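Notes follow the structure.
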Amino acid sequence: MSLKLICFFLCTLIASNLTGEKALLTAPQNISILSTNMKHFLTWSPVIIQGETVRYSVEFQGEYERVYANESWIPISECSLITATLCNITEDISATVAYNLRVRAALGARRSEWGTLKGFFNRNTTSLTPPVMKVIADGYHLLVELEEMGPAFQFCVLYWKKGQERRMQQKLVKEVSSVVHLDTMEAGAEYCVKAQSYVEAINRSSSFSQTQCVRAQGDTSMWLVTALISSAGFAVAALTLSFLTWKTSKIFQYSCCPVAVLPDTLKVSEPSSQLILCGSEGAEQCDLMVVVMPSEEVLRLWLQETL
């Protein structure tokens, strides 16, 4: 009888030890979400078993699964039986709705209970930070280089001439592919820029970045170029005016006082012309009369005969 009691106590002790060993595989604790700039990560505290490697699996439940699919859960394949205590759930949180998440531990064939996130997670609660930017003065061009934050992001850029904050201008940058041109600066003037990120999917904006100011290149060279251009323009204008004055005077001269040129037939080598007046046909002698006519009269007579 005593032998049976001893066996009973030994079996009870072994069973209790086995049951206690299984109880050591507890559910993960301190489950939380880290979400910044539309990148979401689920984290939890590790389940520690001396000399063993514990693995973890993560599942999520969206509004559709909760309402229309009998509260089913979807495994995240990238976070199945992993050893890390962090899971990137960004690709799985694809809608602006409430999500529930859970994680459990596994050691061989043993599994823990599911540890569930307290409350729901919605991506519209993500923390948005201002973009990292660099303002550049390239000659008289005001440029800004913005951090690439992902396809969901747009940027609102404000810029102004220092001292003229009331005349601040705004530019919406939808795609960051290269340096963005903002404005053409005045020589020697200082311009300031600040920016904020914006996510249309959740209709939220970050705070503005720290203001950065740059100064355009000095105006010495600009004055020199302006002076050279002005001098050249003045010289061209003076030459053009002189030519037009000379041309106009010539036109007036030819219009009001034309130069009359006698035809060769009216030109005489002697200073007078002789006209011979004769009487009847039978007259043997003619009286010679010399008449001196002005050249203008000769021209007038010639024109009358011609017309």
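One residue is enough: does the range 82-94 have a residue meeting the conditions out of contact with any Asp or Glu (no Cβ under 9 Å at 6 or more places or on another chain), open to solvent by 70 Å² or more (accessible area, probe 1.4 Å) and over 24 Å from ASN203 (Cα atoms)? So far as the range 82-94 goes, yes, one or more of its residues are out of contact with any Asp or Glu (no Cβ under 9 Å at 6 or more places or on another chain), open to solvent by 70 Å² or more (accessible area, probe 1.4 Å) and over 24 Å from ASN203 (Cα atoms). For SER112, the test of being under 22 Å from THR90 (Cβ atoms) and either more than 13 Å from the chain's Cα centre (by Cα) or open to solvent by less than 20 Å² (accessible area, probe 1.4 Å) (or both) is failed.
Matching residues to (1) charged (D, E, K, R); (2) open to solvent by 30 Å² or more (accessible area, probe 1.4 Å); (3) not in a strand (DSSP E or B):
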{"position": "PRO130", "(1), (2), (3)": "no, yes, yes"}
{"position": "LYS134", "(1), (2), (3)": "yes, yes, no"}
{"position": "ALA137", "(1), (2), (3)": "no, yes, no"}
{"position": "GLU148", "(1), (2), (3)": "yes, yes, yes"}
{"position": "TRP160", "(1), (2), (3)": "no, no, no"}
{"position": "VAL176", "(1), (2), (3)": "no, yes, yes"}
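Summed over the range 178-222, the residues that are outside any strand (DSSP E or B), within 26 Å of ASN122 (Cβ to Cβ) and of a type outside the set (S, T, N, Q) give a count of 4. Within the range 115-128, the only residue that satisfies the criterion of being charged (D, E, K, R) and open to solvent by 50 Å² or more (accessible area, probe 1.4 Å) is LYS118.
Among the listed residues VAL54, VAL97, VAL58, identify the single one that is of a type in the set (A, V, I, L, M), modelled with pLDDT of 95 or more and more than 30 Å from GLU148 (Cβ to Cβ). The unique qualifying residue is VAL54.
Kindly indicate which of ARG66, ARG55 is basic (Lys, Arg) and over 30 Å from LEU128 (Cα atoms). Exactly one residue qualifies, and that residue is ARG55. Within the range 96-120, the set of residues being part of a loop (DSSP other than H, G, I, E, B) and either over 15 Å from HIS40 (Cβ atoms) or touching a residue at least 12 places away in the same chain (Cβ under 8 Å) (or both) comprises THR96, VAL97, ALA98, GLY108, ALA109, SER112, GLU113, TRP114, LEU117, LYS118, PHE120. Residues in the range 43-78 that are open to solvent by less than 30 Å² (accessible area, probe 1.4 Å) and touching a helix residue (DSSP H, G or I) at 6+ places or on another chain (Cβ under 8 Å): TYR56, SER57, VAL58.
The values are calculated or read from the model by the stated rules, or taken from the named source; none is laboratory data. These numbers were taken from a predicted model, which means no experiment stands behind them. FYI the Cβ positions are ideal-geometry reconstructions off the backbone, even for glycines, and counts take in every protein chain you see. Areas reflect the complete protein model, heavy atoms only, side chains present, ligands, DNA and RNA absent. Shrake-Rupley method; radii C 1.70, N 1.55, O 1.52, S 1.80 Å.
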